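J.: Take a look at the following structure, please.
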Amino acid sequence: MQSVIMAGGFGTRLRPITCSLPKPMVPMANKPMLCHTISLLKKYNFLDVTMLLYYQPEIITNYFNDGKNFGVDIKYLRPDLDLGTAGSVKYARKNINDTFIVISGDVLTDFDISEVVEFHKKKDAIATMILTRVSNPLQFGVVITDKNGKVERFLEKPSWSEVFSDTINTGIYILEPEIFKFIPNGSLFDFSKDLYPLLLKENKRLYGYISEGYWRDIGNHDEYRLAHYDILDGKVKIDVNGKKINVGGKEIIVGNNVSVGKNVKVDGQVILGDNVIVENDVIISRSVIGANTKISSGAEVLGSVLWNNVAIGMEARLKEDVIGNSTTIGCRAVIQVGTIIADESRIGAGAIVRTNLRIWPHKTIEAGAILSNSLVWGERWNKALFNAYGITGLGNIEITPEFAAKIGSAYGAYVGEGAYIVVSRDDNRATRMIERGIISGLLSAGVKVGDLGSLPIPVVRYETGNDGEAGGIYIRQSPCDVRAIDIKFFNSNGGDLLVKQEKAIEQLFFREDFKRASVDKVGEIIVPARAIEYYKTGYLSAIKADVIRKAKQKIIIDYAYSSASIIFPTILGELDIDVIALNAFVNSSKITKSSEEFSNSLRQLSDIVTTLKTNAGFLIDAGAEKLFLVDEKGKIITDALAMLIVVYLVMKTNKDKEITIAVPVNASSVIDELAKRFSVKIKRVATSLRNIIADESDNDVVLVCDSMGGFIFSEFQNAFDAMYAIGKVIEMLVEENLSLSKVSCEIPPFEVIHKTVPCSLDKKGQTMRKALEEVKNKKTELIDGIKIYLNNSWILLVPDPDEALFHIWSEAKDKSLAEGLLEIYIEKIKEWQE
């Protein structure tokens with residue numbers, strides 16, 4: 001028989017233990033939950049399995065392969081769009097030709113499916129929901145059936161006032177292929193919200209079967225732990241690997257090669273995985289211990305779930321906790337009730353972790369520390385509080401006023417009492433709220449705060465350090481995710497903080513080791529009066545204003561609703577540039593753009609440039625840091641070509657000078673050809689934003705590019721500045737009597753292609769090691785990742801600093817060769833992870 005397993009869940013409510021693996025792969029009694037689902041299907045002869053994947057699919061496919069080792073045949077599908085539950089099953093239509101079951105890969109159940117199928121056939125149903133009874137039905141779909149089992153009423157996730165039954169939909173269905181005609185193609189369509197209400201409305205053959213077996217939705221940490229208790233208590237019939245042995249008069253289940261020391265006390269059922277070592281005088285109660293775990297002498301593990309490769313130090317104590325893979329708990333550390341510690345964390349000796357905390361992967365708690373707050377960094381913070389963009393998190397969920405006040409206190413403690421910090425933001429209401437929280441924290445540390453209000457990022461950077469500031473902070477809505485907020489930190493020169501500075505602030509933040517000022521030394525808030533004027537004066541002094549004025553240029557600028565529209569027009573007026581302005585007002589609801597909206601903006605700019613016959617079109621991002629170009633013929637210039645155009649102009653206007661230009665290591669080799677022509681030195685830098693900006697500090701570098709619209713002209717300031725870049729591009733074009741299209745013709749053709757390959761966090765090091773071993777006899781460059789030089793081509797492999805993936809770039813003389821290289825190394829990266 002045929003089955004469809006829904007295995008695409010992110011497991012958001014189970015984070016942080018699902019940060020590095022999809023929810024269906026979370027271990028349950030030392031096996032992935034999906035193993036128990038497949039065992040159930042196999043038991044009832046559902047051997048033809050289609051698995052629908054989405055989040056980190058490679059982890060599932062690599063584990064199960066074609067399913068033969070598990071006694072089933074598995075085919076995998078991954079919809080490109082969010083189609084909803086029913087829409088996703090419709091996506092699997094080509095694999096279905098008979099009665100089939102739909103089941104989630106992240107529930108624990110031992111239902112007798114044969115009984116349900118028999119009922120389904122007897123009723124000639126088009127769809128049968130498997131139902132069960134629960135004490136709290138609020139999180140599920142409540143169902144009422146008539147005496148024959150036909151569904152009469154269905155309500156998804158009711159409030160208590162709407163609850164009409166304790167019988168709920170388990171999300172497991174027996175369906176006929178006929179069901180597909182009620183599900184639209186390629187559209188978001190759910191079983192509970194759309195399909196079943198439609199079937200009820202049309203009085204179709206929708207039935208419900210109340211099963212008496214075990215069922216639990218593993219939706220949160222409590223349910224996860226309770227499910228393990230049910231397994232230990234024998235309430236659910238699943239296969240548990242191991243054999244029974246007697247320890248201290250109690251029978252427990254152990255895997256292969258398990259070592260149990262003397263005087264070990266066991267209370268309640270216990271499961272020990274393969275190669276577990278339990279030393280002398282350990283107390284274990286009602287716990288599941290993963291493979292290759294060591295519990296040192298005198299430790300206590302009560303009611304806890306330990307994953308694989310965990311090390312518990314001497315006399316450490318754990319109670320009702322979940323501990324992720326490869327985590328170390330130091331000697332005499334105490335992990336209090338209900339705490340979740342994710343993979344590869346380190347809890348120092350004697351540390352105390354308070355009740356119900358959440359510790360994300362790769363975190364370190366120092367010896368003797370007392371942790372009273374969760375170490376949470378949400379979807380993107382997988383190694384540190386800071387990333388390449390500063391601190392990023394979901395607004396009012398992860399980046400809250402409380403968080404803001406705490407980070408302000410930590411930064412204030414870092415710069416010291418009496419220091420002066422400027423703070424600014426975009427025009428979003430949420431960022432205004434977070435700014436005020438940060439200011440409160442700074443004031444509590446005795447720091448003087450200059451509140452600049454809403455300004456573009458380059459203006460804030462330029463102001464920082466002008467009046468003795470020790471640093472600056474900028475808060476903005478993320479340009480990539482409308483839900484997220486970025487907090488950017490600047491040093492005393494307006495540049496980004498060094499990594500070691502970020503680590504120092506992070507340490508203060510997590511240890512809460514920051515000094516508060518006495519009441520009479522609390523900081524004050526001032527409003528810097530001349531920040532905009534200071535920027536304008538510096539701009540006009542650095543640019544060749546007379547050259548631009550004489551040219552009488554006509555351009556179009558799309559301000560993207562940013563605060564640059566308040567400042568830049570006066571500068572352009574001073575330069576006698578005729579400007580047609582688009583979206584030249586602040587609108588906080590349009591700060592974030594989807595890729596489609598961004599493309600539409602560029603197309604609109606292109607059309608207007610062509611219609612009005614202007615010299616060029618410029619689109620700046622909401623922070624006024626990045627610049628995107630359209631030439632006088634209306635051609636949209638790619639970021640890679642824009643970088644080459646600006647590099648060419650800088651080389652041509654400095655042809656008699658010894659200069660250095662910094663470009664990322666993934667930039668086209670065409671730049672080296674141009675450098676030879678103009679006798680210019682090229683400096684390759686890492687692809688990450690932090691490293692690109694840091695390399696600008698080289699005094700010989702006149703230009704830094706990031707190949708994504710970012711340009712730093714050191715003659716003005718050491719930061720990306722789209723406003724200054726516009727002026728500089730116009731200046732150089734005028735000086736050389738060129739247009740953007742003419743410069744484009746001077747650039748040799750090139751093909752740089754980029755793709756990503758999934759790679760779990762714990763396999764990145766292994767992959768890099770194997771890559772180096774593979775290419776040891778080839779010419780390589782290790783500026784950022786591994787750049788491999790081949791015959792007239794190159795390939796670059798860079799592990800992403802935050803996500804579970806590798807970036808691969810390739811350049812060759814033609815596109816097909818570059819694509820061929822990519823495919824070869826994509827397969828190699830997959831092999832190197834094995």
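J.: About the Cα centre, and with charges only on the beta carbon of Lys, Arg (+1) and Asp, Glu (-1), how big is the dipole of segment 474-574? Nearest 20 debye, please. Could you put the intermediate results ahead of the total?
T.: Values: 16 positive and 13 negative charges, 80 e Å.
Dipole of segment 474-574, to the nearest 20 debye: 380 debye.
J.: Assuming a viscosity of 0.890 mPa s and a temperature of 25 °C, what translational diffusion coefficient in µm² per second does Stokes-Einstein assign to segment 412-452, Rh being the Kirkwood radius over Cα pairs?
T.: Values: Rh = 10.3 Å.
Stokes-Einstein gives a translational diffusion coefficient of 237 µm²/s.
J.: Separate question: Answer with one residue from SER601, VAL305, ILE730: the one whose Cα lies farthest towards the positive end of the charge dipole of the chain, charges on Cβ with Lys, Arg +1 and Asp, Glu -1.
T.: The one lying farthest along the dipole's positive direction is VAL305.
J.: With only alpha-carbon atoms counted, please give the Rg and Dmax of segment 772-812, in Å.
T.: My reading of the Cα-based Rg and Dmax gives 10.7, 32 Å.
J.: Name the residues whose placed amide hydrogens come within less than 5 Å of the amide hydrogen of THR145, ignoring near sequence neighbours (fewer than 5 apart) on the same chain.
T.: GLU152
J.: Follow-up. List the aspartates and glutamates whose Cα lies under 14 Å from the Cα of LYS657, skipping any in the same chain that are fewer than 8 positions away.
T.: The reachable aspartates and glutamates, counting only those whose Cα sits under 14 Å from LYS657, are ASP700.
J.: Let me ask something else about it. Rounded to the nearest 20 debye, what is the charge dipole size of the chain about its Cα centre when +1 sits on each Lys and Arg Cβ and -1 on each Asp and Glu Cβ?
T.: On the way: 99 positive and 107 negative charges, 179 e Å.
With Lys and Arg at +1 and Asp and Glu at -1, about 860 debye.
J.: Would you tally the net charge around ALA342, using a Cβ to Cβ cut-off of less than 9 Å, leaving ALA342 out, and scoring K and R as +1, D and E as -1? Intermediate results must be reported in sequence, preceding the final value.
T.: Working: positive: ARG15, ARG358, LYS363; negative: ASP343, GLU344.
The answer is +1.
J.: What angle do you read, to the nearest 10 degrees and between 0 and 90, between the alpha-carbon axis of helix 33-43 and the longest principal axis of the chain?
T.: With rounding to tens, the tilt is 40 degrees.
J.: Apply the Karplus parameterisation 6.51 cos²θ - 1.76 cosθ + 1.60, with θ equal to phi minus 60°, to every residue of segment 46-61 and state each ³J(HN,Hα) to the nearest whole Hz, in sequence, with x for glycine and proline.
T.: For segment 46-61, the Karplus curve yields 8, 9, 9, 10, 10, 10, 9, 10, 8, 7, 6, x, 5, 5, 6, 5 Hz.
J.: Same structure, new question: Between ASP451 and LYS544, how many nm apart are label points set 7 Å from Cα along the C-beta direction?
T.: 4.4 nm
J.: Another question, then. Once amide H atoms are placed 1.01 Å from N in the peptide plane, what residues at a sequence separation of 5 or more from ILE172, or on another chain, have their amide H within under 5 Å of its amide H?
T.: Residues meeting the criterion, in which the H sits 1.01 Å from N, are ILE130.
J.: Taking 45 Å as R0, compute the FRET efficiency from the Cβ-Cβ separation of GLU736 and GLU831 and round it to 0.05.
T.: Details: r = 50 Å, r/R0 = 1.10.
Taking R0 as 45 Å, the efficiency between GLU736 and GLU831 is 0.35.
J.: Using Cα atoms only, what is the angle between the long axis of helix 722-735 and the major principal axis of the chain, expressed in degrees (0 to 90) to the nearest 10?
T.: Tilt relative to the chain: about 40 degrees.
J.: Where the only charges are on Cβ atoms (+1 Lys, Arg; -1 Asp, Glu), what is the dipole of segment 1-154 about its Cα centre, to the nearest 20 debye? Numbers along the way, then the final one.
T.: Numbers: 19 positive and 15 negative charges, 37 e Å.
About 180 debye.
J.: To continue, here is another question. Relative to the longest principal axis of the chain, what angle (0 to 90°, nearest 10) does the C-alpha long axis of helix 499-511 take?
T.: Tilt of helix 499-511: around 40 degrees.
J.: LYS633: which lysines have alpha carbons under 25 Å from its alpha carbon, excluding same-chain residues fewer than 8 sequence positions away?
T.: Correct list for LYS633: LYS550, LYS552, LYS554, LYS613, LYS652, LYS728, LYS742.
J.: With the Cα gyration tensor of segment 269-327 giving a ≥ b ≥ c as the square roots of its eigenvalues, does the rule (a/c under 1.5 for rounded; else a/b larger than b/c for prolate; else oblate) give rounded, prolate or oblate?
T.: Details: a/c = 1.29, a/b = 1.12, b/c = 1.15.
Rounded is the answer for segment 269-327, as its axis ratio a/c remains below 1.5.
J.: From Cα pairs below 8 angstrom and at least 6 apart in sequence, can you work out the relative contact order of segment 769-816, rounded to a whole percent?
T.: Details: 60 pairs, mean separation 11.4, N = 48.
It rounds to 24 percent for segment 769-816.
J.: Please check which bits of segment 478-506 a label hung off LEU188 would reach, taking the label as a point 7 Å along Cα-to-C-beta and the cut-off as backbone N under 16 Å.
T.: Only 482-483 fall inside the zone, counting backbone N under 16 Å.
J.: Please compute the length gained on full extension between LEU47 and GLN507, using 0.36 nm multiplied by the number of residues separating them and subtracting their Cα-Cα distance.
T.: Values: separation 460, 0.36 × 460 = 165.60 nm, distance 5.21 nm.
Stretched fully, the LEU47-GLN507 segment lengthens by 160.4 nm.
J.: Sticking with this one: GLU469: net charge of surrounding residues, Cβ under 14 Å, Lys/Arg +1, Asp/Glu -1, itself excluded?
T.: On the way: positive: LYS448, ARG461, ARG530; negative: ASP451, GLU463, ASP467.
Net local charge, GLU469 excluded: 0.
J.: Classify segment 211-344: rounded, prolate or oblate, from the alpha-carbon gyration tensor (a ≥ b ≥ c, eigenvalue square roots; a/c under 1.5 rounded; otherwise prolate if a/b is larger than b/c)? Working shown, then result.
T.: Details: a/c = 1.77, a/b = 1.24, b/c = 1.43.
Oblate shape, in that a/c is at least 1.5 and b/c is the bigger or equal ratio.
J.: Amide H to amide H, which residues 5 or more places from GLU632 or on other chains are under 5 Å from it, using H placed in the peptide plane?
T.: For GLU632, the qualifying residues are LEU740, SER741.
J.: May I ask you to compute the full-extension gain from ILE210 to ARG530, defined as 0.36 nm times their residue separation minus their alpha-carbon distance, rounded to one decimal in nm?
T.: On the way: separation 320, 0.36 × 320 = 115.20 nm, distance 7.26 nm.
Using 0.36 nm per residue and subtracting the Cα-Cα distance, I get 107.9 nm.
J.: Residue by residue, what Karplus-based ³J(HN,Hα) values in Hz, rounded to whole numbers, does segment 599-604 have, using 6.51, -1.76 and 1.60 with θ = phi - 60° and x for Gly and Pro?
T.: Result, rounded to whole Hz: 4, 4, 5, 5, 5, 4.
J.: Which whole-number percentage describes the relative contact order of segment 209-367, with Cα contacts under 8 Å and a sequence gap of 6 or more?
T.: The normalised contact order for segment 209-367 reaches 12 percent.
J.: Determine which lysines satisfy two conditions relative to LYS90: a Cα distance under 17 Å, and not lying fewer than 8 residues away in the same chain.
T.: List returned: LYS75, LYS181, LYS193.
J.: Something else: How much length would be gained if the chain were fully extended between THR570 and ASN97, taking 0.36 nm per residue of separation minus their Cα-Cα distance, in nm to one decimal? Don't skip to the answer; put the middle values down first.
T.: Working: separation 473, 0.36 × 473 = 170.28 nm, distance 6.85 nm.
Result for the pair: 163.4 nm of gain on full extension.
J.: Let me make sure I get this right: for segment 374-524, a, b and c are the square roots of the gyration tensor eigenvalues over alpha carbons, sorted descending. Under 1.5 in a/c it's rounded, otherwise prolate if a/b > b/c, else oblate. Which is it? Could the numbers behind the result be given before it?
T.: Details: a/c = 1.42, a/b = 1.16, b/c = 1.22.
Note, shape of segment 374-524 comes out rounded.
Rule-based calculations on the coordinates, nothing more; no lab input. Just so we're clear, the structure is a prediction, and the values are computed from it rather than from any experiment. A quick note on method: Cβ atoms are made from the backbone with ideal geometry, for glycine too, and the neighbour counts reach across all protein chains shown.
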